[in-house]
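Bear in mind these aren't lab numbers, they're just calculated from the coordinates by the rules spelled out. Here the structure is a predicted model, which means the values were calculated and not measured. Note that we place each Cβ from the backbone using ideal geometry, even for glycine, and neighbour counts take in every protein chain shown.
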Amino acid sequence: IHDREAHADVLRILAEEGAPERTVFHCYSGDAEMAAVCAAAGYYMSFAGNVTFKNAQPLRDALTVAPLELVLVETDAPFLTPAPYRGRPNAPYLIPVTLRAMAEVRGIGEDAMAEAVSGNTARAFGY
């Protein structure tokens, strides 16, 4: 699900209509409150390079609330290039920059974050 500035509507529709068996919020952009709702429902939350932006504290707060087993790192976010590369086109080679920032926010090592995201990706997408 790509939800942009429609958090309440998306969550309401998922609750009313029923969510897919595996639900992934692509380029997660909600706050901590929404992350708690997503977590309770078992939705995956995929964080992109914008988690590194100075003005993205609500997004980092959401990352701290999201259970590690529901966290993914975004691989398809051409306009959400992580700092300090912001302004350049995003590409998969920058995923480690985002992952490092995510690990720092969570207070865990990069290897632990990478292992968690790898396992979550396999579960979410059947790899």
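Laid out as a table, the results:
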item: 15 Å beta-carbon shell around G109, net charge (K/R +1, D/E -1); result: -2
item: Convex hull volume per residue in cubic angstrom - Cα atoms of the chain; result: 97 Å³
item: Long-range amide H partners of H2 with built H, under 5 Å; result: H26
item: Ordering of 25-35, 104-114, 53-63 by packing [mean C-beta count within 10 Å, highest first]; result: 25-35, 53-63, 104-114
item: Computed [θ] at 222 nm, helices only, for the chain once each DSSP H run of length n ≥ 4 contributes -39500 (n - 2.57); result: -14000 deg cm²/dmol
item: Formal net charge of residues neighbouring A40 (Cβ-Cβ distance under 14 Å; K, R +1; D, E -1); result: -2
